[in-house]
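The values are calculated or read from the model by the stated rules, or taken from the named source; none is laboratory data. These numbers come from a predicted model, not from an experiment. When we count neighbours, we look across all protein chains shown, and the Cβ atoms used for this are built from the backbone with ideal geometry, even at glycine.
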Amino acid sequence: MSVDPRICPVCGARDERFTLVSEQPPTLACGSCGAGRTFRRLPLFCLTGPSGTGKSTVAALVAPAVAAEVVTLEQDVLWSPDLADAPGGVRRFRATWLRLAATVGQSGRPVLLCGTVHPDEVEPLPERALFSEVHYLVLVCEPDVLAERLRARPPWRGWDEARIAETLEYAELVRADAAAARPPLTLLDTTCAPAQESAGRAVSWLRALLPAEVAAPVSHRRPSSSGRPPPSGGPGR
Ligand SMILES: [Zn+2]
């Protein structure tokens with residue numbers, strides 16, 4: 001596959017429809033000339049959850065622990081506030097991330113994408129066809145603790161009471177909907193757990209879902225094979 005999954009190597013057309021015509025081997029059909037092109041179709045891992053549940057802290061601990069197996073990326077690095085106002089801006093943001101993650105996957109390693117996202121925003125996109133599966137680990141937290149964490153954030157982040165209430169409502173919806181979501185969401189409660197413990201659970205979740213073809217040889221893994229990342233000076237809560 002071309003480095004850009006949209007470009008057909010046969011006719012050069014740019015096509016964003018990503019029609020999967022075969023799963024074995026994974027093959028996309030060009031919308032212009034019909035030519036099939038095979039590509040590496042890996043899973044995508046999403047470390048998600050409402051703001052304040054500990055995503056950034058956990059991601060900082062997980063990334064080095066799984067560096068031999070996945071590429072950890074933070075979705076906020078491509079976010080810009082004008083996307084929220086632009087028609088289709090958020091959808092474009094999601095689609096861009098999926099194409100980027102699929103491009104990384106062509107080098108052999110799946111992406112662990114950190115940041116708030118829900119399957120309803122991913123499953124309907126044509127780019128979803130670029131992945132074998134999308135797995136969601138959702139960090140959750142008891143409402144009073146979540147509100148406390150958000151109130152403690154620096155003022156520039158803009159967490160007033162209205163926004164906190166909105167986040168609590170969203171958090172409750174996500175938690176209640178986890179089992180019914182397609183695909184179902186795996187919840188990880190960070191209310192009482194030290195960040196190291198949550199990170200260890202996240203690592204175990206990820207490794208259990210890694211296809212054998214991309215799992216790192218044991219000798220390349222860090223000394224802890226328990227799934228727990230090595231102790232580091234990462235930020236704690
Ligand atoms: Zn073509």
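Filter region 1-20 down to residues that are surrounded by 12 or more Cβ atoms within 10 Å (Cβ to Cβ) and under 28 Å from ALA212 (Cβ atoms) and give me whichever is farthest from the ligand (Cβ to nearest atom).
Taking region 1-20 first, the residues surrounded by 12 or more Cβ atoms within 10 Å (Cβ to Cβ) are 1-2, 5-8, 10-11, 13-20.
After this cut, where a residue has to be under 28 Å from ALA212 (Cβ atoms) as well, the list is 1-2, 5, 18-20.
Details: MET1: 12, SER2: 11, PRO5: 13, PHE18: 13, THR19: 12, LEU20: 15 Å.
Applying the filter and picking the extreme gives LEU20.
Right, TRP79: more than 30 Å from ALA212 (Cβ to Cβ) and among the aromatic types (Phe, Trp, Tyr) or not? Quick ask: steps written out before the conclusion?
Details: more than 30 Å from ALA212 (Cβ to Cβ): yes; among the aromatic types (Phe, Trp, Tyr): yes.
Yes.
Output the number of residues of region 28-52 satisfying the condition of being among the β-branched types (Val, Ile, Thr) and at pLDDT 95 or above. Let's see the steps before the verdict.
Residues of region 28-52 among the β-branched types (Val, Ile, Thr): 38, 48.
Of the ones still in play, those that are also at pLDDT 95 or above are 48.
So the count comes out to 1.
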Checklist entry - Does LEU44 satisfy the criteria of being crowded, with 19+ Cβ neighbours inside 10 Å and touching a His at 6+ places or on another chain (Cβ under 9 Å)? => result yes
Checklist outcome for this item: Of the candidates LEU206, LEU210, the one satisfying the condition of being touching a Phe, Trp or Tyr at 6+ places or on another chain (Cβ under 8 Å) and at pLDDT 95 or above is LEU206
